[in-house]
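> Below is a structure I'd like to ask you about.
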Amino acid sequence: MVITSAEPIVVIGAGMGGLTAAAWLAKKGRRVVVLEALEGPGGLASGFSTDGLFFDAGPYILLDRPGLEWAFNQLGEELSAHVVLERLDPAYHVELENGPTIAMFGDLDKTAQQLDKTWPGAGVGERYSRFVKRIGRAYDQLRPLQYVDEPGPLALMRHGALRQVPLLLQPLSTVLARAGLPGELTEVLSIWTHIAGQRAQQAPSTMAFVPALVHGYGAYVPSGGMSEVPIALEKIARRAGVEFRYGAQVQEVCCTNGRVSLVKTQEEHIKTGTVISNASALGTYSNLLQGARLPAGFLRRLRRLPLQSPGVCAYLSVEYKHLSAPTRTRPPYLRFRLSREGLCRLLIQPGTVSDSRSDTARLLAPVSHAWAKKIGPEGQHHYLDGLLQESWWRSDFTRARAVAHLVPREWGDRYHLYDDSMNPVMTSRLMRQGRLPHKSPFVEGLYFAGSATHPGQWVSFCAISGVLAARQVHSQRDKNVQGKRTT
């Protein structure tokens, strides 16, 4: 048993939040040790190889480029110097069962023209354009709050965004209903709520910002796969002096007199007064803390939070029909399929963006966490088998076969997920209440990074959360130093 006596900051998990937090603090001169149960960085944003093919492992499919650029800039780095991003146009297609197929182009006017062809003489294109421009102005006003630790009323006032409070208090369904768009188009605009396993009636109004982002800022993916982002962050962190321990699963975070005192893995006990958990905040509170006194009411509320399942996924070896023909239109990178009942399905085709990945695709289907728990692993596999038998996703291929798969139980085992979940679902109610704070109000020296602390599911939001958590740590250190000087 190795006992580390020097007291570093310990980061649990080398996901996007943990990597950015570690790099930010190391660049401030702090000693940082990252403990990661897997053998490499990224968590659900990592990649893997099988059957001679490389795949993005997790359910992340698009990037919010402005948010990711902000996170890299906070590290003193330029995103473009580390990751090559490909802009998608169209960003995605949504195919409605027994209905139209809608392409979301980067160009707003082009999208509006398509809508007018789909609903001729109804003025849908003009109404859609007005909606996107209005919601885009709201996003521009609210965007600075993404980079604030606690975006409450004072932050809204400081950024001149108080007028957006009524919007923030509404569910997505209300926002879309007021746009006066056809029901089928409303379903298309609600597609991202399906990814979280919820309906528009429960989803927050901020989900309406996705079209504004696509038309205003563009939709991007890394040319080499989503794992290029955490790989770049790990290199930045290593150069700054961060120490990484891979294959090191944390067993306990010990607390003494209300503050963090020790982190235990099977091989090492690390004395520390500061821990940033990029593992699940729910799992940290429920399973890792030893010796902490947590309010019973808080734990009950925590365990009642609705959770988001990573869904079911088949990793495919494919051969495209027309990918190499320059005169033919390439298939879309993202093809959503929306049936009249149930959640969507999604075909992800990286070969349409990067020729180096033209022999792979992923078939992903979100499921509700409660449903996945109810039917168990056997039912989860049966559901995925049924999706593989569907014909709609095969139209772009001359050949396709599954070489790997993951269902919620397997996601949970492989990536050490809390209750086979990714994070709490961002519902309209949770948006109003606020997510878990970066600094624990119950345990001194305990901080959190990751999607449980930030209102969004993009990898960029996880990276932003790491910067915000690191700022909290650094700020607390300055307060402690100032307090000692005063004493």
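The values are calculated or read from the model by the stated rules, or taken from the named source; none is laboratory data. Being a predicted model, the structure only gives us computed values, none of them experimental. With ideal geometry, Cβ positions are generated from the backbone for all residues, glycine too; neighbour counts draw on all protein chains shown. Just so you know, the surface numbers come from the protein's heavy atoms only, side chains and all, with ligands and any DNA or RNA stripped out. Shrake-Rupley method; radii C 1.70, N 1.55, O 1.52, S 1.80 Å.
> Across the stretch 151-178, which residue is nearest to the chain's Cα centre (by Cα) among those that are among the aliphatic types (A, V, I, L, M) and open to solvent by 60 Å² or more (accessible area, probe 1.4 Å)?
This residue is 169.
> Shifting gears a bit: On the basis of being in contact with a strand residue (DSSP E or B) (Cβ under 6 Å, 6 or more places away or on another chain) and either modelled with pLDDT under 80 or in a helix (DSSP H, G or I) (or both), does residue 469 make the cut?
Criteria met by residue 469.
> Show the residue pairs that are 6+ apart or on different chains and have beta-carbon atoms under 8 Å apart, the first residue being within the stretch 64-91 and farther than 14 Å from residue 458 by Cβ, the second being of a type in the set (S, T, N, Q) and crowded, with 16+ Cβ neighbours inside 10 Å.
So the pair list comes out as 74/20; 75/20; 84/223; 86/223; 86/354.
> Does the stretch 369-387 include one or more residues that are touching a strand residue (DSSP E or B) at 6+ places or on another chain (Cβ under 9 Å), within 27 Å of residue 223 (Cβ to Cβ) and open to solvent by 30 Å² or more (accessible area, probe 1.4 Å)?
no
> Could I ask something else about it? Would you be able to tell me the number of residues in the stretch 46-83 that are open to solvent by 40 Å² or more (accessible area, probe 1.4 Å), at pLDDT 95 or above and assigned to a loop (DSSP other than H, G, I, E, B)?
Matching residues across the stretch 46-83 total 3.
> Could I ask something else about it? Residues that are of a type in the set (Ser, Thr, Tyr): list the helices (runs of 4 or more DSSP H) wholly contained in the stretch 158-208 that include at least 2 such residues.
Answer list for the stretch 158-208: 172-177.
> Here's a follow-up. Is at least one residue of the stretch 392-413 basic (Lys, Arg), in a helix (DSSP H, G or I) and in contact (Cβ under 8 Å) with a residue 24 or more places away in the chain?
Checked the stretch 392-413: at least one residue is basic (Lys, Arg), in a helix (DSSP H, G or I) and in contact (Cβ under 8 Å) with a residue 24 or more places away in the chain.
> Let me ask another. Test residue 328 against the criterion of being more than 22 Å from residue 48 (Cβ to Cβ), open to solvent by 80 Å² or more (accessible area, probe 1.4 Å), assigned to a loop (DSSP other than H, G, I, E, B) and at pLDDT below 95, and give yes or no.
Yes.
> Continuing with the same structure: Condition (residue is modelled with pLDDT of 95 or more, on the phi < 0 side of the Ramachandran plot, in contact with a strand residue (DSSP E or B) (Cβ under 6 Å, 6 or more places away or on another chain) and not polar (S, T, N, Q)) applied to the stretch 416-433: is it met by at least one residue?
no
> Open to solvent by 30 Å² or more (accessible area, probe 1.4 Å), within 24 Å of residue 60 (Cα to Cα) and hydrophobic (A, V, I, L, M, F, W, C): which single residue out of 210, 148, 188 fits that description?
Every option except 148 fails the conditions.
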